[in-house]
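Student: First, the structure itself, so that you have it in front of you.
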Amino acid sequence: QSKPQARVDGSTGVTFNDVAGIEIAVEELQELVKYLKNPELFDKMGIKPPHGVLLEGPPGCGKTLVAKAIAGEAGVPFYQMAGSEFVEVLVGVGSARIRDLFKRAKVNKPSVIFIDEIDALATRRQGIFSDKTDDLYNAATQERETTLNQLLIELDGFDTGKGVIFLAATNRKDLLDPALLRPGRFDRKIRIRPPNAKGRLEILEVHARKVKVSESVDLSVYAQNLPGWSGARLAQLLQEAALVAVRNKHDSILQSDVGEAVDRLTLGPKRLALELG
Ligand code: ATP
């Protein structure tokens, strides 16, 4: 009944070195890491443990990456599920999955729970439309509310689960049920913005470490000229450039390979073939 279960990484292996171009208070995140490394110390000192952190921002800008880095830096298990995985029409399945997720994370504490796209599970409650005749719609709405209530119960009872940090991500904060945003549920809300030119360069540099780039390549040109590109797209650019370099029989990525990769990603290979005749 409790499938699908959260995907668990013993430790994610991701660190803050893998995250670039995000202008958020790193100290704020470091504090979470410190807590996960030694929850007893916080307890002994009477410091209220951090509970929930909401990461908000557009797709592909590093919300999942930041969550993984917190777990990775602390070396603790990372329990990841998507909001949509809790949305089921069958009565009680979503709430059972929530209970199961929190139970498993508490057993293996200190640990991190991460729910991506939390808006899928925690959209603003509307109540049942009594005049609606669509039973399936009503059942689905009611089931979603039961699941959300279970999540709120777990978050409120969090003190018993000391050593567990709950992280959630959304790119539609406006859709979230206000109950979830009430104080005590998420004590931090971190906005992750799309990178600016400096951020884009830092992200390109992080991903350039993972492929073989010729020393002659100047990545700052691309950082300047690709406004609006997310971290995910920039990571994809260097992967694409590596493929282009292989096809061009270069033994490392050259400036021209990166240029060709930009064209491929902006125009798409088919359009490109047409444009080139
Ligand atoms: P979504 O809302 O679509 O889930 P997200 O904000 O969670 O997106 P991630 O899944 O963290 O985005 O990003 C996808 C990939 O893009 C990362 O695994 C990483 O390779 C790259 N990436 C994104 N943002 C950054 C960043 N700030 N620094 C380095 N790499 C990044």
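Student: Excluding residues on the same chain fewer than 8 positions from residue 198, give the lysines whose Cα lies under 26 Å from its Cα.
Tutor: Output for residue 198: 63, 68, 189, 210, 212.
Student: With N set to the residue count of segment 12-88, report its C-alpha Rg divided by 2.2 N^0.38 Å to two decimal places. Mind showing how you got there, number by number?
Tutor: Numbers: Rg = 13.7 Å, N = 77, 2.2 N^0.38 = 11.5 Å.
In units of the 2.2 N^0.38 Å rule of thumb, it is 1.20.
Student: In terms of modelled amide H atoms, which long-range or inter-chain residues lie less than 5 Å from the amide H of residue 55?
Tutor: Amide H neighbours of residue 55: 168, 169, 170, 190.
Student: Just 163, 46, 57 to compare: in a GNM of the chain, with alpha carbon springs under 10 Å, which one fluctuates most?
Tutor: Result for the chain, Cα springs under 10 Å: 46 fluctuates most.
Student: Now a separate question. Rounded to whole Å and sorted largest first, list the principal axis extents of the Cα atoms in the chain.
Tutor: If we take the Cα atoms of the chain, the spans are 60, 56, 30 Å.
Student: So what is the calculated 222 nm ellipticity per residue for the chain, using -39500 (n - 2.57) for each DSSP H run with n of 4 or more, over all residues, to the nearest 500 deg cm²/dmol?
Tutor: For the chain, the value works out to -14000 deg cm²/dmol.
Student: Additional query: How would you rank 119, 257, going from fewest to most other Cβ atoms within 10 Å of each one's own Cβ?
Tutor: 119, 257
Student: Another question about this same structure. Using Cα-Cα distances under 8 Å and only pairs 6 or more residues apart, what relative contact order does segment 200-240 have, in percent?
Tutor: On the way: 23 pairs, mean separation 26.3, N = 41.
Dividing the mean separation by the residue count of segment 200-240 yields 64 percent.
Student: Sort 141, 266 so that the residue with the fewest other Cβ atoms within 10 Å of its own Cβ comes first and the one with the most comes last.
Tutor: Sorted ascending by nearby Cβ count, the order is 266, 141.
Student: So how long is each side of segment 167-242 along the principal axes, counting just the alpha-carbon atoms, biggest first, in Å?
Tutor: 53, 22, 18
Student: Taking the Cβ of each residue in 45, 81 as the centre, tally the other Cβ atoms inside 10 Å and list the residues starting with the fewest.
Tutor: 45, 81
Where a number appears in this text, it was derived from the coordinates with a stated rule and is not lab data. It should be emphasised that the depicted structure is a prediction, and the values quoted were computed from it without experimental measurement. Cβ sites come from the backbone with ideal geometry, for glycine too, and all protein chains shown count toward neighbours.
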